[in-house]
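Here is the structure we will look at.
The values are calculated or read from the model by the stated rules, or taken from the named source; none is laboratory data. These numbers were taken from a predicted model, which means no experiment stands behind them. Positions of Cβ are backbone-derived with ideal geometry, glycine not excepted, and every protein chain shown enters the neighbour counts.
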């Protein structure tokens, strides 16, 4: 029977090995190190070692579960070593975490302060460009969550554009229309504006290397699109973290023009590909916008939050 123990710094190195064994082969997976886990997870503000639990078998790590209460009781991440699955380890970890937190919901969009990008653009450890996820066809993971009372929500779709598939003509047309509407398009570096406020107002994000295409109307932000580098996934790789247009300025092509601006900025370097995560059930228009610029589906994820 596996023993459940809370996080201790001595577990960092074997935890990195466990993480890499659990998630190898997932979309956008890249190997983590003990140093990286310490910086991105353990070192994040608000980290509680009592809410990061490990399952051990004869002093060998075979699973882990992480939860928190940033937006109410949530399951941030859970993994069991491939050689230890179907033995109740995942259920034991979940039960132990529920003793600490009570009933939880899974944070499968990865938008918590530890695994995802809630603090700003940063390459996720695997899955969606905005955070970790569960592949929609991962029957073992979805069946496990179903047994524990978690119901799937809408699917998220990862879309990718490459230097070969990119089509900027729709974006150029949209840019011309935006300019005829009195909108000023520009780029910001290391700053993320707030729609409906002046360009000097900023959202508090901690990501590195991000850049923002912005549309201004009479000095007020009418919309913006935020991009960031994801070098861990390969040279010239980027992600789009956010796209927002003020309601009164929608359906005028501004979103298309903003994404085009990001892609042109990416092309100024050694651009190879860019990914973005969309939820078609929540915004079919965003899906269509990206497809017009040459993005195509590369992965699907099951959402639970």
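Select from the range 1-12 the residues that are loosely packed, with under 15 Cβ neighbours inside 10 Å and more than 18 Å from residue 96 (Cα to Cα) and write down the one among them that is nearest to the chain's Cα centre (by Cα).
Applying the filter and picking the extreme gives 9.
What residue, among those in the range 91-121 that are in a loop (DSSP other than H, G, I, E, B) and at pLDDT 90 or above, is surrounded by the fewest Cβ atoms within 10 Å (Cβ to Cβ)?
That would be 103.
Here's a check for you: in the range 69-90, which residue that is in a strand (DSSP E or B) and on the phi < 0 side of the Ramachandran plot is surrounded by the fewest Cβ atoms within 10 Å (Cβ to Cβ)? I'd like the intermediate steps shown before the answer.
At the first step, the residues of the range 69-90 found to be in a strand (DSSP E or B) are 70, 72, 74-80.
Now narrow it down to the ones that are on the phi < 0 side of the Ramachandran plot: 70, 74-80.
Working: 70: 15, 74: 21, 75: 25, 76: 26, 77: 24, 78: 22, 79: 22, 80: 26.
So the residue we want is 70.
Just give me the residues in the range 39-55 being assigned to a helix (DSSP H, G or I) and either over 19 Å from the mean Cα position of the chain (by Cα) or surrounded by 21 or more Cβ atoms within 10 Å (Cβ to Cβ) (or both), in sequence order.
41, 49, 50, 51
Could you go through the range 145-166 and let me know if any residue there is touching a residue at least 24 places away in the same chain (Cβ under 8 Å), under 21 Å from residue 301 (Cβ atoms), touching a helix residue (DSSP H, G or I) at 6+ places or on another chain (Cβ under 7 Å) and not in a strand (DSSP E or B).
Yes.
Consider the range 1-27. How many of its residues are outside any helix (DSSP H, G or I) and touching a strand residue (DSSP E or B) at 6+ places or on another chain (Cβ under 8 Å)?
Number satisfying all stated conditions: 8.
Conditions first: (1) touching a helix residue (DSSP H, G or I) at 6+ places or on another chain (Cβ under 8 Å); (2) part of a helix (DSSP H, G or I); (3) surrounded by fewer than 22 Cβ atoms within 10 Å (Cβ to Cβ); (4) touching a residue at least 24 places away in the same chain (Cβ under 8 Å). Residue 30 passes all but one, so which condition is the exception?
(2)
Taking only the range 198-233 into account, find how many residues are closer than 26 Å to residue 179 by Cα and surrounded by 21 or more Cβ atoms within 10 Å (Cβ to Cβ).
Final tally of qualifying residues: 14.
Name, by its number, the condition in (1) within 18 Å of residue 133 (Cβ to Cβ); (2) more than 21 Å from the chain's Cα centre (by Cα) that does not hold for residue 292.
(1)
Taking only pairs six or more apart or across chains, which ones have beta-carbon atoms under 7 Å, a first residue in the range 268-287 that is assigned by TED's automatic domain parsing to the domain that holds residue 164 and farther than 19 Å from residue 131 by Cα, and a second residue that is modelled with pLDDT of 95 or more and in a strand (DSSP E or B)?
That search, which allows pairs on different chains as well, returns 272/162; 272/237.
Quick one: is residue 263 touching a residue at least 24 places away in the same chain (Cβ under 8 Å), within 20 Å of residue 177 (Cβ to Cβ) and surrounded by 23 or more Cβ atoms within 10 Å (Cβ to Cβ)?
Numbers: touching a residue at least 24 places away in the same chain (Cβ under 8 Å): yes; within 20 Å of residue 177 (Cβ to Cβ): yes; surrounded by 23 or more Cβ atoms within 10 Å (Cβ to Cβ): yes.
For residue 263, the condition - touching a residue at least 24 places away in the same chain (Cβ under 8 Å), within 20 Å of residue 177 (Cβ to Cβ) and surrounded by 23 or more Cβ atoms within 10 Å (Cβ to Cβ) - is met.
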